Amino acid sequence: MEEKADDQGIMNDGAPSLNALRVTYRPWYKDVGCTGHSWKKVFWRILNGILAVLFASATVLQWNDPDIHVWTIVYIVPCLLSLSVATWANIQDLIAWKLIALLHIIGCLAGVVFISIKYGEKISRAQPNITSVEEGWELCGLLVVSLWLIIASTVASYRSCKEKFMKSVTASKRHSNSMPERL
């Protein structure tokens, strides 16, 4: 007579079954988010890769700028943050990633305020096209970096909140199923 294993892989005589001892193989593509309903993750990683290239090219184009050290930092930080998301999507859940993004957003927005106050009159004289002056380009660059990092941080926060919510819903369903019905 053949004995059957229960749900945990334990045989009727108390010994573990072969299924419980078997190592399960998890394909790499399941870890990088390429299965099922994860087209959003794939799109998000591709978009971050494109923006990493964009910010890297903006960093390289600063070679002839008189204040290269400032603008290299402005563009290399979002480049590295986007590159990290493109290569490892779950990095946005780390506190260090969120802190670096937040500090860079604050710095860029402070730069926007500084440029607007210091060069506001010069920029406003170039009414039809603010990119006709260098400060207008700098202002636009800071706004693009700030906007992108705000979007990336918001997506990360939304995703982690959604995962926590789904875990709590699943846990409450399990808890409610194990509770006896009241009359």
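Below is a table of values for the structure above.
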item	result
Length-normalised contact order for segment 39-168 - Cα pairs under 8 Å, 6+ apart - percent	23 percent
Residue-wise HN-Hα coupling along segment 53-59, computed from phi with Karplus coefficients 6.51, -1.76, 1.60 (Hz; x: Gly, Pro)	5, 4, 5, 5, 5, 5, 5
Rg to Rh quotient for segment 39-168, alpha carbon positions, Kirkwood Rh	1.04
Residue order, fewest to most beta carbons within 10 Å, for 154, 59, 87	154, 87, 59
Amide proton proximity set for residue 133, modelled H, under 5 Å, gap of 5+	none
Table column - 3J(HN,Hα) (Hz), segment 90-101, Karplus curve with 6.51, -1.76, 1.60, x for Gly and Pro	7, 5, 5, 7, 6, 4, 4, 4, 5, 5, 4, 4
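Values quoted throughout were computed directly from the atomic coordinates according to the rules given, and no laboratory measurement underlies them. In this text the structure is predicted, and so the values were computed from the model without any measurement. No Cβ is skipped: glycine too gets one built from the backbone with ideal geometry, and neighbour counts run over all protein chains shown.
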